[in-house]
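The values are calculated or read from the model by the stated rules, or taken from the named source; none is laboratory data. Everything quoted here is computed from the prediction, not taken from an experiment. Cβ: placed from backbone, ideal geometry, glycine included. Neighbour counts: every protein chain shown.
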Amino acid sequence: MTGGVNGTIVERTCAISVDLDEIPNYGAIHGVQLCDVDEHAVYDRGLPRLEAWARQSDVPLTLFAVGSDLKRPAAAEGLSRMATAGHEIANHSFDHFYDLTRRSPSEMHEQVAKANEAIAQATGAPPVGFRAPGYVTTDALYEVLDEVGVRYSSSVFPCPWYYAPKAALIGLKALRGRPSRSLIDDPRVLSAPAEPYRIGKPYYRRGTGVLELPMAVTPWLRLPVIGTSLVAGGPAGAEWLVRRLIGRKFINLELHGIDVLDASDELGALGRHQPDLRIPASRKLQVLDRVVYTLREAGYSFRTLAEAAQRLGDDDVSP
């Protein structure tokens, strides 16, 4: 809690979300066929690790699940267990198509609606939140979200330090004959609000549409404050980054399941393309511990994204 205008109390809230992209998606990003890797490491190894860490840290997570992954009973059971423990399960599309926004409106609708059905079947409740694969979205996709009845989206990542290297990597892989399936968003997304807003048309402007909860970036320079950058910086670097966010009413920290894995999790071949897998999972969890400690010391409470969206409400998000 912190003092607000005219003596009112403003709650400082942080949400930690995790994209449960399975290992084959990283092969698609790097344009390689992965062999001799555990294709289910995110659910079979990472999810139990996240479950234990969240319980120890007393932090509710928002887990963005890919609907097709839930065809595996082990994945569906793991997700059901997390939901029972009080974590939010949200929609990350059915097939995690990186080119989702290049498909027809009917195909986009099917991808969102089928994922909702798969998650509801696994957990007993339909999701209320959505995150676009690769953070790439369009006005047409937001129209689909409105049709399906999604309460909030968390897809916008207005970070030039992510956008430029991603564009360069896609170009380099194409030159090497290993085209990535990953896409880049409209560069104008870099001018989108860094704090919660209701989307307008275009979606990177304020309006009265779906509530958007962007991924965290620092003020001014808009440095990325996501799992990749936090882990790479180690405990001290991660603390420095999150301290740049202190003072905001709401912080949205986004991770991936792979952020708690390392090469020892039968991912050796992928390690040649994912340098972060060379960092031991134990050290990555230490980084997350430092992040939570730093934010709690600054007065932040931890909520799911759905809880944060409900608390923000219409009156707290200016168009």
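Any chance you could count how many residues in region 150-173 are in contact (Cβ under 8 Å) with a residue 40 or more places away in the chain, under 28 Å from A306 (Cβ atoms) and either crowded, with 18+ Cβ neighbours inside 10 Å or touching an Asp or Glu at 6+ places or on another chain (Cβ under 9 Å) (or both)?
So the answer is 10.
Taking E117 and the conditions (1) out of contact with any Pro (no Cβ under 9 Å at 6 or more places or on another chain); (2) surrounded by fewer than 19 Cβ atoms within 10 Å (Cβ to Cβ), which numbered condition does it fall short on, given that it satisfies the others?
The number of the failed condition is (1).
What pairs can you find where one residue is in region 248-266 and over 15 Å from S282 (Cβ atoms) and among the acidic types (D, E), the other is crowded, with 23+ Cβ neighbours inside 10 Å and modelled with pLDDT under 95, and their Cβ atoms are less than 7 Å apart, with a gap of 6+ or different chains?
Listed pairs, sorted by first residue: none to list.
So which of E195, E147, E143 ends up being closer than 25 Å to G313 by Cα, surrounded by fewer than 21 Cβ atoms within 10 Å (Cβ to Cβ) and under 17 Å from the mean Cα position of the chain (by Cα)?
The match here is E195.
Could you please let me know if S93 is within 17 Å of the chain's Cα centre (by Cα), farther than 25 Å from D265 by Cα and modelled with pLDDT of 95 or more?
For S93, the condition - within 17 Å of the chain's Cα centre (by Cα), farther than 25 Å from D265 by Cα and modelled with pLDDT of 95 or more - is met.
What are the pairs with Cβ atoms under 7 angstrom where one residue, in region 96-117, is of a type in the set (D, E) and the other, located anywhere, is part of a loop (DSSP other than H, G, I, E, B)? Sequence gap at least six, or different chains.
Hits for this filter: D99/L183.
Need the failing condition index for V136 against (1) hydrophobic (A, V, I, L, M, F, W, C); (2) buried (at least 23 other Cβ atoms within 10 Å of the Cβ); (3) closer than 20 Å to G227 by Cβ, just the number.
That leaves (2) as the condition not met.
Condition check ((1) of a type outside the set (K, R); (2) surrounded by fewer than 23 Cβ atoms within 10 Å (Cβ to Cβ); (3) assigned to a strand (DSSP E or B); (4) under 15 Å from the mean Cα position of the chain (by Cα)) across all residues:
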| position | (1), (2), (3), (4) |
| --- | --- |
| A52 | yes, yes, no, no |
| V59 | yes, yes, no, no |
| L63 | yes, no, yes, yes |
| S68 | yes, yes, no, no |
| A76 | yes, yes, no, no |
| Y98 | yes, yes, no, yes |
| S106 | yes, yes, no, no |
